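Undergrad: Attaching a single structure in structure tokens format; questions to follow.
Taken together, the values in this text are just the output of simple stated rules run on the coordinates, not laboratory data. Source: prediction; values computed, not measured. Note that each Cβ is placed from the backbone with ideal geometry, even for glycine, and that neighbours are counted across all protein chains shown.
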Amino acid sequence: MAGSVEHVMRHLLDSLGEGVILFDVDDRVRWTNGTFERMRGSSKLASLLGRSIFDCHPSADYGKVSQILNDLKTGRETIRYHRAKRSGIIDAEKESRYDIFYTAVRDKQGDYLGTAMIIRDIGEIKRLQDQVQRSEEKYKDLIENIDSGMFSLNRKARITYANNGLLQMLGYHLNEILKRRWTELFRPGWRDEAGRIFRATLSGRSGSIFETEMAHREGRTIYALVNISTLEVDRENPSLVRGIVTDITAQKELEKETMERERFEGVIEMAGAACHHLNQPLTSILARVQMLMKEMDREAIHYRSLGIIEKEATRMAQITQKIQNITSYETEPYVEGHSRIIDLERATKKK
């Protein structure tokens, strides 16, 4: 039975993530677990048995180790902690740091039997932490520099985070946008709707994707596609709303331009048809006017008026011809700052 218990205990100690060395009352090695041997980079257990505890430490730590042993043996301490750059019997090629715990081993009567030294390689932990930190920095850099805007809001709908993409999109500096209300990012006509969507999202309903009009710091409109959802601490109490903003202003302007061109093409088709039907009456008017002018004395009272009619009818014929020859969409101002009309001169020029 005792052998079975000892086997189980050895197996448990070998399964630990820390290295374990047991020293006898004379401070010499009696046993090490498998984890320590892997730390050490050697499986030659026999080479350690019987060696002094001081052989397990760099010479610079001898004074510290002596004090620890004295405190453990006299009962002033039951467990002590020490941090070392390298254990004296661990592979000298391995650069690392170690947390070392010392505890006294006593029998039922409290008599000192030896010391257990537990070694934790914190260098590996530090390497893993550094790896995680590098990954976090990589993803943070990716988030900060993507074209889309990203943000987070607290439960009061105030901005707690905004990436560079959102700052550049809306023209803000970080200190100007933090703590602002979410609704302040939108054009006045969209603020009530933005507030409603935030409340619906925070209440635990599904996230929302919607097209909207946001306000640039300089006042111009930014057409945007916004996707918001909750970031939950637990399912019952979402503490945060996060979102992604995609600038679709260029797309909207292209859609508007496409619609204008389609409308333009329809108008030009109708105008062309009208011009086609106007050509025959105009030709007839010009012919009759020119015939009357030939038969009329230049000093006649209506001769000058007929000349004006001929001139304007000729101009109308030229305009109808240009409308039929339009090849591109070119405009010019009609009312200052408001309306625009077709620029016939540029619209009929061959490219």
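Undergrad: Rounded, prolate or oblate: which fits the stretch 146-247 when a ≥ b ≥ c are the square roots of the eigenvalues of the alpha-carbon gyration tensor, with rounded for a/c under 1.5 and prolate only if a/b beats b/c?
TA: Prolate shape, in that a/c is at least 1.5 and a/b is the bigger ratio.
Undergrad: May I ask you to derive the FRET efficiency for E332 and R134 from their Cβ-Cβ distance with R0 = 56 Å, giving the value to the nearest 0.05?
TA: The computed FRET efficiency comes out at 0.45.
Undergrad: Take M259 and Q109, extend 7 Å from each Cα along the Cα→Cβ direction, and tell me the distance between the two endpoints in nm.
TA: 9.9 nm
Undergrad: Return the distance in nm (one decimal) between the two label points of a simple spin-label model at N164 and L49, each offset 7 Å from Cα along Cα→Cβ.
TA: Inter-label distance under the simple model: 6.3 nm.
Undergrad: If each residue of separation counts as 0.36 nm, what is the full-extension length gain between H11 and E144 once their alpha-carbon separation is subtracted?
TA: 43.0 nm
Undergrad: Using 0.36 nm times the number of residues separating S305 and H277, minus their current alpha carbon distance, what extension gain do you get?
TA: Answer, rounded to one decimal: 7.5 nm.
Undergrad: Further question on the same structure: Which FRET efficiency, nearest 0.05, do R127 and S66 yield, Cβ-Cβ r, R0 35 Å?
TA: Calculated value: 0.65.
Undergrad: Let me ask something additional. Show me the ranking of peptides 108-116, 50-58 by mean Cβ neighbours inside 10 Å, starting with the highest.
TA: Answer by packing, highest mean first, reads 50-58, 108-116.
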